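The values are calculated or read from the model by the stated rules, or taken from the named source; none is laboratory data. Predicted model, so just to flag it, every value in this text is computed and none were measured. Note that we place each Cβ from the backbone using ideal geometry, even for glycine, and neighbour counts take in every protein chain shown. Keep in mind that these areas ignore ligands, DNA and RNA; they rest on the heavy atoms of the full protein, side chains included. Shrake-Rupley method; radii C 1.70, N 1.55, O 1.52, S 1.80 Å.
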Amino acid sequence: EVLISKMSRAAKTEKVPRPRKLAWKILEIFTWTCMISQVASSRGWEFLEPVTIESGWDLRSMEVQNRAMAYIEAAAPDLIVLAWPCGPWSPLQALNQKTPMQRRALQIKRRQSRKTFLAFVRRVAQYQRSRGGAVVGENPAPSKAWDQAEIQEAFMGLEHRVLDQCRYGLRHPVTKIPMRKRTRLAGQKEVLKYMNKKCGRDHQHHPIEGSFKGEDGKWHSLSAWAGGYPVEFCKNILMGAEEFLISNKAYVEDVGETVPDVADGIDAMDEEERIKELEEEKVPDVDEAEEQRLEEEQRHPVP
């Protein structure tokens, strides 16, 4: 109640431009490479410690989530990038579950993901929006997490973009063949201004599967490696974020929308209220045939 009250007051407070003499601050959550932060640092941003399992933040614990929120509030980042784990939400995961026991196990994983990771995404995104900061959510375009109430509530009313990372320089680390990796982003429209490139289908794509031998002589998962972002992808996000922060425009569209209050837990709103509030959400049209074709492409190389 105290947090909600504090956020309600913050949402009503006039947004004051950050003095340009101070470096903008970026915080990545869940990402292990922190590539956007590295590129941001080269542009003069302050690189904050990421909130990720590799840096000691096990967000499956509510206690750790509360400590992470205290850290985020104290750090006051200008841009937060949220790239929650997509494993349980991949359509291929569902296809690979052949037995009732396997399907049940997947349901349990998804339920745990909603109660922990997705709920935390909602909590952070709503906090960041309430204070007028820039926020970006990222996951593969086919990820079923986009359909979950927690993610829809986190980015309600914001822009959604679908793009192909081959247009931003994603290449196989050994063969250098482009890898498509269709990705969906959510965030303020100014922040996503340059995130709109899709493949022209004029080149081959390497499937994102299997492993490769790195320069360190060890074998690495290609899908895990592709979880990092190419430099051009990072630059385009940062250009949009800088324009958003310089202009200091309101984070809510001028159509009477408001940022939803913070709500913890799956039962914070009943289902009918969720459906009513999400009816007007701006989301891109999904071509089911195209998405199925893209899923097949992840398995087999195509010209």
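Send over the per residue convex hull volume for the range 140-227, Cα only, as a whole number of Å³. Walk me through the numbers on the way to the answer.
Details: hull volume 10.3 nm³, N = 88.
Per residue, the Cα convex hull of the range 140-227 comes to 117 Å³.
Quote to one decimal, in nm, the extra length available between Asn196 and Leu106 on full extension: 0.36 nm per residue of separation minus the C-alpha distance between them. Walk me through the intermediate numbers first.
Values: separation 90, 0.36 × 90 = 32.40 nm, distance 3.24 nm.
Difference between extended and current length: 29.2 nm.
Can you send over the solvent-accessible area of Lys213, 1.4 Å probe, protein chains only, in Å² to the nearest 10?
Result for Lys213: roughly 120 Å² accessible.
Can you order the peptides 80-86, 55-61 by their average number of other Cβ atoms within 10 Å per residue, highest first? Intermediate values should be presented prior to the final figure.
On the way: 80-86: 23.4, 55-61: 13.9.
Per-residue mean Cβ counts within 10 Å order the peptides as 80-86, 55-61.
With just the Cα atoms of the range 132-181, tell me how far they stretch along each of the three principal axes, in Å, largest first.
For the range 132-181, the Cα spread along each principal axis is 40, 26, 14 Å.
Using the heavy atoms of the protein chains alone and a 1.4 angstrom probe, what is the accessible area of the range 57-159 per residue in square angstrom? All intermediate terms of the calculation are to be shown ahead of the outcome.
Working: 3950 Å² over 103 residues.
Dividing the accessible area of the range 57-159 by its residue count gives 38 Å².
Once the principal axes of the Cα atoms of the range 192-251 are found, what is the range along each, listed largest first in whole angstroms?
Over the range 192-251, Cα extents along the principal axes are 47, 30, 17 Å.
Could you please state how large a percent of the accessible area of the range 16-140 is carbon and sulfur, counting protein chains only and using a 1.4 Å probe? Before the final figure, lay out the partial values.
Values: 3170 of 5660 Å².
Accessible surface attributable to carbon and sulfur in the range 16-140 totals 56 percent.
With N denoting the number of residues in the range 77-180, provide Rg(C-alpha) divided by 2.2 N^0.38 Å, to two decimal places.
Numbers: Rg = 16.0 Å, N = 104, 2.2 N^0.38 = 12.8 Å.
Taking the Cα Rg and dividing by 2.2 N^0.38 Å, one obtains 1.24.
For the peptides 233-239, 69-75, 190-196, what is the packing order when you average, over each peptide's residues, the other Cβ atoms within 10 Å and list the highest mean first?
Numbers: 233-239: 22.1, 69-75: 13.4, 190-196: 19.6.
Ranked from most to least packed, the peptides come out as 233-239, 190-196, 69-75.
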